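Just dropping this structure here.
Readers should treat all values here as calculations from the given coordinates under stated rules, not as data from a laboratory. The structure presented is a predicted model; accordingly, all values stated were derived computationally and were not measured. With ideal geometry, Cβ positions are generated from the backbone for all residues, glycine too; neighbour counts draw on all protein chains shown.
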Amino acid sequence: MSTQTESTCPICGGTGWRGVPGSKEREVIRCECRVRGRAERLLAAAKIPRHYADCDLSSFNLEGERGVFAAAKRAAETFAEKYPIDKTGLLFVGNPGVGKTHLAVGILRKLILEKGVPCLFVDYRELLRAIQHTYNPSVQMTEMDVLRPIFETEIVLIDELGATRTSQWVWDTVAHILNSRYSEDRTTILTTNFEDRADRAVEEKERGEYFTDPEKVQRGETLGDRIGGSMWSRLHEMCKKVDMGGGPDFRRHVRSARLVRTRMKVRPRTSDTTSEDGGV
């Protein structure tokens, strides 16, 4: 059983407030124990997946060819430093594995730990599945129960926007979320693997072009195709684009580094005249 000395903060005595050194007006400020406790609670409430739990801005790798992402890292750092003076969100665009989610989560962690800002991580695909699950009559949770935290949390990160196959229901859901956060002036951060352009079908119709279904698959879809043209436009009112296209795969870099370390640990002993693959 813990004693009072072990459980009570020695600085504030458990009050949550401490005096300001040198203050003549007996000024007090929040004790570090309460600030730290709030940050820990906010970090748990953010629901950042375990895979990204250690991602922060300082650990984002810019070595070698990954130096092309220096501007993206600066954009993330600037956003975190200026918030809430500038509340415009960010849209990270790039191929899978370049580190979009790492930077986005790094922003959340910095805002939570240093500024005490409530944040929430949302996986786009999991969100749509959770909403669809509420349509089951046997499920007690309602659609609004799922969406309320997304509507009300100060900063929300929506990861992998557009990852689910397009339908009118998906378009309506995205519109509901983005319009709600836009109207309440809440900041949204997003990542996407899709090309940041309006609907291809609209562009092609305007140019008088026609493509067969196989050709459409070959050329790929845009973010506008995936979320609808009107919401694509709204997204650009809400966010600044951070382009991470064309860079090296961050996850492949990490996997390669791990593989090298593993091989070094298990490398078999060989003779001086025999190579690792058995050749001479």
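Taking the number of other C-beta atoms within 10 Å as the exposure measure, put 83, 135 in order starting with the fewest.
On the way: 83 18, 135 9.
Exposure proxy ranking, most exposed first: 135, 83.
Please identify every one of the trypsin sites (Lys or Arg not before Pro) in segment 147-190 that sits in a loop by DSSP and has no more than 13 other beta carbons within 10 Å of its own beta carbon. Spell out each step's value before the answer.
Working: sites: 165, 181, 186; in loops: 165, 186.
Here the trypsin sites (Lys or Arg not before Pro) that fit, given the DSSP loop and packing criteria, are 165.
Which whole-number percent gives the relative contact order of segment 1-148, counting Cα pairs below 8 Å spaced six or more residues apart?
Working: 115 pairs, mean separation 35.0, N = 148.
Once divided by the residue count of segment 1-148, the mean separation gives 24 percent.
Let me ask something else about it. Give the long-range amide H neighbours of residue 88: residues separated by 5 or more places, or on another chain, with amide H under 5 Å away, using H modelled in the peptide plane at 1.01 Å from N.
Answer set, sorted by chain and number: none.
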